Amino acid sequence: MSPARIAEELVAVCCRLYDRGLIAGQDGNVSVRLASGHILVTPAGLSKVDVSPDSLVELTPEGVRVTDGLAASSEVGMHLSIYRARPDVRAVVHAHPPVATAYGVAGRDFMDAVLPEVIFHLGSVPLVPFALPGTPALGDAMAPFLAEHDAFLLASHGATTVGPSLRLAHQRMESLEHAARILHTASMIGPATRLRDEDVAALRRAREAARAGWEAEGARQEAGEDE
């Protein structure tokens, strides 16, 4: 897609995160890796519902600002760390979905295989140890988990999802919160039942088979074939 079209989609994702109650106030940040290798990211200080294409910030992969105007999100270091570690990732979404965030506050992860949609769409979801937001320590805390996971609960600090396209990264954030609501409700009824090992293995194979298609979609969007 053209940078202008990508900017429009990034703004649309910000509005949807706000509308779905996954962020509030100045919470959250969203970024996309452009075909040039530069990063387009939401600015600091704005509610996501007030973000416009003109307010987005373009950075080099090293974090040097290319555009004038507002400063980049204070969490951009986390985004840059992810992009450096994961060449397949073209978009990063960080939000504070209420129930998923509550799991992180309580020190819980989504590593147990109890929901098929979590295994297929998200994979296992680790809990990243707490690190002060907006500091390099956050990227360091995430580093051990980046290679194997596409969704992360951040201890006492929301959640982050990644994907080969902005569409998929955003969908994973919505799915994460939906799964958290289901798991929370189940916990009030009784212990969650783990799926059979053979079913977990089948779901993981399906996820790996789907990965090529997800990455192809991201490549098509980057090349502008989906415009």
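Scanning the stretch 191-227 for residues that are assigned to a loop (DSSP other than H, G, I, E, B) and modelled with pLDDT of 90 or more yields Thr193, Arg194, Leu195, Arg196. Of note, Ala106 satisfies the criterion of being under 21 Å from Leu22 (Cα atoms) and open to solvent by 50 Å² or more (accessible area, probe 1.4 Å).
Looking across Ala179, Ala155, Ala169, one residue alone is touching a residue at least 24 places away in the same chain (Cβ under 8 Å), within 18 Å of Pro97 (Cα to Cα) and in contact with a Pro (Cβ under 7 Å, 6 or more places away or on another chain). It is Ala155. Of the residues making up the stretch 136-153, those that are in contact with a Ser or Thr (Cβ under 9 Å, 6 or more places away or on another chain) and either under 16 Å from Tyr83 (Cβ atoms) or open to solvent by less than 60 Å² (accessible area, probe 1.4 Å) (or both) number 12. Out of Val41, Val105, one residue alone is in contact with a strand residue (DSSP E or B) (Cβ under 7 Å, 6 or more places away or on another chain) and within 25 Å of Pro144 (Cα to Cα). It is Val41. Report, by residue number, each residue of the stretch 100-140 that is over 12 Å from Leu154 (Cβ atoms) and of a type in the set (Ser, Thr, Tyr). If the condition is that a residue be over 12 Å from Leu154 (Cβ atoms) and of a type in the set (Ser, Thr, Tyr), then Ser124, Thr135 are the ones that fit.
Total residues in the stretch 45-75 satisfying the condition of being crowded, with 16+ Cβ neighbours inside 10 Å and touching a His at 6+ places or on another chain (Cβ under 7 Å): the figure is 3.
Within the stretch 7-44, being crowded, with 19+ Cβ neighbours inside 10 Å, in contact (Cβ under 8 Å) with a residue 40 or more places away in the chain and among the hydrophobic types (A, V, I, L, M, F, W, C) holds for Ala7, Leu10, Val11, Val13, Leu17, Leu22, Ile23, Val30, Val32, Ile39.
Out of the residues in the stretch 76-100 meeting the condition of being among the small types (Gly, Ala, Ser) and open to solvent by 10 Å² or more (accessible area, probe 1.4 Å), tell me which one is nearest to Ala12 (Cα to Cα). Checking each candidate, the answer is Gly77.
The values are calculated or read from the model by the stated rules, or taken from the named source; none is laboratory data. Note that the coordinates shown come from a computational prediction; the quantities given were computed from them, not determined experimentally. For neighbour counting, all protein chains shown are included, and Cβ atoms are generated from backbone atoms with ideal geometry for every residue, glycine included. We work out accessible area using only protein heavy atoms, side chains counted, and drop any ligands, DNA or RNA first. Shrake-Rupley method; radii C 1.70, N 1.55, O 1.52, S 1.80 Å.
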